[in-house]
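The values are calculated or read from the model by the stated rules, or taken from the named source; none is laboratory data. Bear in mind the structure is a predicted one, so any value in this text is a computation, not a measurement. Because the Cβ atoms are built from the backbone with ideal geometry, glycine has one as well, and the counts that use them run over all protein chains shown.
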Amino acid sequence: MIENVLHNNELLAIIVSHRFSEAGIHFFTPDDLSQQLAYMRHPAGKEIAPHVHNPVPRQVHYTQEVLFIRRGKVRVDFYDEERNYLKSRVLEGGDTILLATGGHGFEVLEDLEMLEVKQGPYAGDQDKTRFEAVDKKQLRVEK
């Protein structure tokens, strides 16, 4: 229900299945990742103390993004830093993915609604380098 997508022991992504459901707080990311991802399930009446977040200087080198698939299906194609295709996964409504390193591309398989969260501010064309997608005959969609 939680999958770490790895290549050469490097974390490409974390996929949280819509089937995941455990009480409490579960962080899926290591503390040093610049984007943190957690799941929380609490019973009615649980209180979380009011708080503010302190200004803490952070240095972010790469944009990491989290996609929340609300409905539909999308195939995510993973690439290494040299733009070599690695493998693919299909996500569906309720799934969440944190894209940490490497490259990625998408094909919408069913009408899709999703939310994206990533570090800002957005740097426009400086933020990404586009490249040619894998030939569909070479796709390796893993379950």
Q: Could you tell me which numbered condition residue 7 fails, if it satisfies all but one of (1) under 21 Å from residue 87 (Cα atoms); (2) at pLDDT below 95?
A: (2)
Q: Would you check which residues across the range 27-78 are over 26 Å from residue 125 (Cβ atoms), surrounded by 13 or more Cβ atoms within 10 Å (Cβ to Cβ) and more than 12 Å from the chain's Cα centre (by Cα) and list them?
A: 39, 72, 73
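Residue by residue through the range 37-51, note down the ones that are touching a residue at least 40 places away in the same chain (Cβ under 8 Å) and assigned to a strand (DSSP E or B).
none
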Q. In the range 86-143, which residues are farther than 21 Å from residue 6 by Cα, surrounded by 13 or more Cβ atoms within 10 Å (Cβ to Cβ), touching a Lys or Arg at 6+ places or on another chain (Cβ under 9 Å) and of a type in the set (A, V, I, L, M, F, W, C)?
A. 109, 112, 114
Q | Single match in 52, 60 (criterion: aliphatic (A, V, I, L, M) and modelled with pLDDT under 95) | A | 60
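So which residues in the range 1-35 are part of a loop (DSSP other than H, G, I, E, B) and aliphatic (A, V, I, L, M)?
Of the range 1-35, the ones part of a loop (DSSP other than H, G, I, E, B) are 1, 8-9, 17-23, 28-35.
1, 23, 33 - these are the residues of the range 1-35 that are part of a loop (DSSP other than H, G, I, E, B) and aliphatic (A, V, I, L, M).
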